[in-house]
1. Say R0 is 25 Å: what FRET efficiency, to the nearest 0.05, do residue A:151 and residue A:40 get from their beta-carbon distance?
2. With an 8 Å cut-off on Cα pairs and a minimum separation of 6 or more residues, tell me the relative contact order of chain B in percent.
3. Between residue B:115 and residue B:153, what length in nm is gained on full extension when 0.36 nm per residue of separation is reduced by their alpha carbon distance?
4. Using the Cα atoms of the protein assembly as shown to build a convex hull, what is its mean projected area in square nanometres?
5. When Cβ neighbours within 10 Å are restricted to other protein chains, what is their mean count per residue of peptide B:16-23?
6. Using the beta-carbon distance between residue B:14 and residue A:127 and R0 = 45 Å, what value does 1/(1 + (r/R0)^6) give for FRET efficiency, to the nearest 0.05?
7. In vacuo Debye scattering of the stretch B:61-208, one point per C-alpha: log10 I(q)/I(0) at q = 0.13, 0.14, 0.22 Å⁻¹?
8. Restricting to DSSP H runs of at least four residues, report the calculated mean residue ellipticity at 222 nm for the protein assembly as shown, -39500 (n - 2.57) per run over all residues, nearest 500 deg cm²/dmol.
């Protein structure tokens, strides 16, 4: 990015701060392709390009709400990149917590599905987890869905780390069987 | 909603601005803590008699510097790519305080320094600085909540540090002990308490 663009953006920020709505529109429109490119680049590394436009909008909202935190003594583009990157990281963190992954240990693969199917899968998982002997369901949910560590779970349930691993292993095996049964029952 | 439509909506209103600057809020809070101390606990005897001892000036300089440094650290931590610009001043103050501590330990008997911690003033310092600081931390948190911190825990920790520093400065007009060791321990412990408490409580609410 050349110095002219940088200077132009800083000028637009200054005008925006003095209440020029046309400058503000121009600023957002100038930022839009850069945000889009940055978001797509980051998301493509995680196979989540489908959410790119949502994140672009989130980033624009963040600019609207946090523009006053930009110090005009410094360059604007690094600030813009930092805000966009923060929104992407935040999104990935949230998304990781919602992703149900049982594929590693028992060869069960959940397909990349739409949001409606995700909701159904989450509900089905909840039902299946409740069929496990307590506290296996809760432990598996916390470990695999919420992203808790084995050490944290051991502390919470007052068990040894090895016991947690055994419970998870047995629970996942049982889950696998339950999924197979459900699959056979479903026409 | 299309992104272009969002831009149309956003440009109808001006970008958000902070209600009050951090420095202004901090000045107001120092004054508030000072007034609360004066009317609730009373001024130290020398200040009641309208005299200002040099040792009190030393204490005020140390605590004011702490307020400035912690606020600068908080400000730089609460914005994207913020820079802490007072590194040299921080080093200078650390050296200044260390020199004062060494001078005190060389010139004053240890028992005399130790006896200061047996006085009721020590407990008062801990209790009131922590108490005032916890209210101050809520006010600062409400302001910083609208900022854009990247490191939530670090920022929350700085909220605790700066709150304790502000309340310590306000409370210092009541406490008659100006020993450097006493200042470090009696005003340092509430800093630590509020730092830990803030780090535990605030991070989850700082997300943006």
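Readers should treat all values here as calculations from the given coordinates under stated rules, not as data from a laboratory. What you are looking at is a predicted structure, and each value in this text was computed from that prediction instead of being measured. Here the Cβ positions follow ideal geometry from the backbone for every residue, glycine too, while neighbour counts run over all protein chains shown.
1. On the way: r = 36 Å, r/R0 = 1.46.
Efficiency computed from Cβ-Cβ geometry: 0.10.
2. 33
3. 10.0 nm
4. Details: hull surface 110.0 nm².
So the Cα hull casts an average projection of 27.5 nm².
5. 1
6. 0.35
7. For the stretch B:61-208 at q = 0.13, 0.14, 0.22 Å⁻¹, log10 I(q)/I(0) is -0.60, -0.68, -1.32.
8. Value at 222 nm, helices only: -24000 deg cm²/dmol.
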